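Following: one structure in structure tokens, then a few remarks.
The values are calculated or read from the model by the stated rules, or taken from the named source; none is laboratory data. Bear in mind that the values here come from a model prediction, so they are computed numbers and not experimental data. All Cβ positions, glycine included, derive from the backbone under ideal geometry; neighbour counts span all protein chains shown.
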Amino acid sequence: MKSIQTEITSEIIINKSRFITILTNINDIDKVKEKLEEIKKKYKDATHYCYAYIINNHEKCSDNGEPSGTAGMPILNVLKQNDLTNILCVVIRYFGGIKLGAGGLIRAYSTSASVALNKATITNIVNGYNITIEFSYNNLKQIDYLLKNIDIKTDYQTNITYNFNITETKFNQIENELTKLSKIKLKKQITLAS
């Protein structure tokens, strides 16, 4: 799977209609509504705000008043064809007075999404984990040896707490060794990291 690094805005004009596309990296479905409201405020005079998103295994699209299947689905198809996830694509349309017809709308919305994607920096996403380990000072040398070359956030209190992101492959290599150590608390949360 892939995603984009930074938010991208692009614009094209087709038969006097202005299509502004915003691509943004988003990994929380609850944030989609916030982002859509923000875009609607910024482009408040627009005729349509059509969008599609893919977040992990969840996807949704909206034609926002355009004829059914002519806007949201073409946008979603562009995202799927590029194997993207954690992405929201909003295409804002300012109607220019010329009706495009169903085929014209499908081409306009898919082209708008494609033009924006061509401007984006796309990165591969690697499955991984966010790991928190709490352990006593007695285990410090062994754990430091196992986790060498990993960027770790450290908290020294009565016990030591390490927090870090690690790829699934690397975690599988060290998981058994970590769990063999006595008095260690290991918390694992699945993440997607680029």
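Yes/no matrix, rows are residues, columns are (1) within 13 Å of the chain's Cα centre (by Cα); (2) over 17 Å from ILE122 (Cα atoms); (3) of a type in the set (S, T, N, Q); (4) not assigned by TED's automatic domain parsing to the domain that holds ILE98:
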{"residue": "ILE20", "(1), (2), (3), (4)": "no, yes, no, no"}
{"residue": "GLU34", "(1), (2), (3), (4)": "no, yes, no, no"}
{"residue": "HIS48", "(1), (2), (3), (4)": "no, yes, no, no"}
{"residue": "TYR51", "(1), (2), (3), (4)": "no, yes, no, no"}
{"residue": "GLU59", "(1), (2), (3), (4)": "yes, yes, no, no"}
{"residue": "THR70", "(1), (2), (3), (4)": "no, yes, yes, no"}
{"residue": "LEU79", "(1), (2), (3), (4)": "yes, no, no, no"}
**Request:** Test LEU181 against the criterion of being outside the structural domain of LEU84 (by TED's automatic domain parsing), modelled with pLDDT of 85 or more and touching a helix residue (DSSP H, G or I) at 6+ places or on another chain (Cβ under 7 Å), and give yes or no.
**Result:** no
**Request:** Give the residues of the stretch 83-99 that are surrounded by 20 or more Cβ atoms within 10 Å (Cβ to Cβ) and either part of a helix (DSSP H, G or I) or modelled with pLDDT of 95 or more (or both), sorted by residue number.
**Result:** LEU84, ILE87, LEU88, CYS89, VAL90, VAL91, ILE92, ARG93
**Prompt:** Among (1) surrounded by fewer than 19 Cβ atoms within 10 Å (Cβ to Cβ); (2) assigned to a helix (DSSP H, G or I), which single condition is SER112 missing?
**Reply:** (1)
**Prompt:** Hey, SER68 hits all of (1) assigned to a helix (DSSP H, G or I); (2) more than 20 Å from ILE29 (Cβ to Cβ) but one; which does it fall short on?
**Reply:** (1)
